[in-house]
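What follows is calculated from the coordinates using simple rules that are stated; it is not laboratory data. Being a predicted model, the structure only gives us computed values, none of them experimental. In this analysis, Cβ positions are derived from the backbone assuming ideal geometry, glycine residues included, and neighbour counts consider all displayed protein chains.
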Amino acid sequence: LLERLEAYLLDAGNSPRSRAVIPQVLAKVPTRLSASILMRWLTTHEPELRYTVLKSLDKMRARHPKMKFDKGLVDEEIQVEGERFCQLTHLRNLLPAEGPATALLVLAIGEIQQIRLEAVFRLLALHYPGQDMENAYQGLISGKRRLRANAMEFLDNILDRPHARVMEIML
């Protein structure tokens, strides 16, 4: 059954909406195979499907905390998200200083960067205690200086060096 679900995902002829349901179903099946299928789809170049896969992995982790995920692939994807975030920063720096089009592009880039930051925290939650990563993320985006400072200090203390470097770039 799980292989059939993956085959359905592979078929780009199926509607994007119906394909996006498959990761949600897989997240409800706490097996190594379902986790493995989701991990393989983590590297998809279809943004909406990738986001659904990330959310599904996060739900699987929350429901089944003892579930193991491919840490090597998680680490690679954290780096990929960090690089994508940097590319967006570079793009924003290339924009003209003023104008309505620039303002709109800066806003859009900022929204995409927020999505990238959320993705990194979802990935970090597959590597570190999930609730801790959720709390740190909420602290960072809260807009409250004290919560943000506490979250940053926590991350400095818990993250491995490669993950800390990605966060330094993003924050």
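Just a few scattered comments:
- Pairwise label distance in nanometres, Glu153 with Arg165, each label 7 Å out on the Cα-Cβ vector: 2.7
- Region 36-83 shape via C-alpha gyration tensor axes, a/c threshold 1.5: oblate
- Restricting region 1-99 to trypsin sites (Lys or Arg not before Pro) in coil, as DSSP defines it, with at most 14 other Cβ within 10 Å: Lys28, Lys66, Lys68
- Cα gyration tensor shape for the chain, rounded if a/c is under 1.5, else prolate or oblate: oblate
- Chain lengthening between Ala101 and Gln79 when straightened (0.36 nm per residue, less Cα-Cα): 4.9 nm
- Table column - 3J(HN,Hα) (Hz), region 152-166, Karplus curve with 6.51, -1.76, 1.60, x for Gly and Pro: 5, 5, 4, 4, 4, 7, 9, 6, 5, 3, x, 6, 4, 5, 4
- The calculated 222 nm mean residue ellipticity attributable to helices in the chain amounts to -25500 deg cm²/dmol, summing -39500 (n - 2.57) over DSSP H runs of n ≥ 4 and dividing by all residues.
- Each label point was placed 7 Å from the Cα along the Cα-to-Cβ direction; for Ser18 and Glu3 their separation is 2.2 nm.
- Once the C-beta distance of Gln114 and Arg145 is scaled by a Förster radius of 22 Å, the resulting FRET efficiency is 0.75 to the nearest 0.05.
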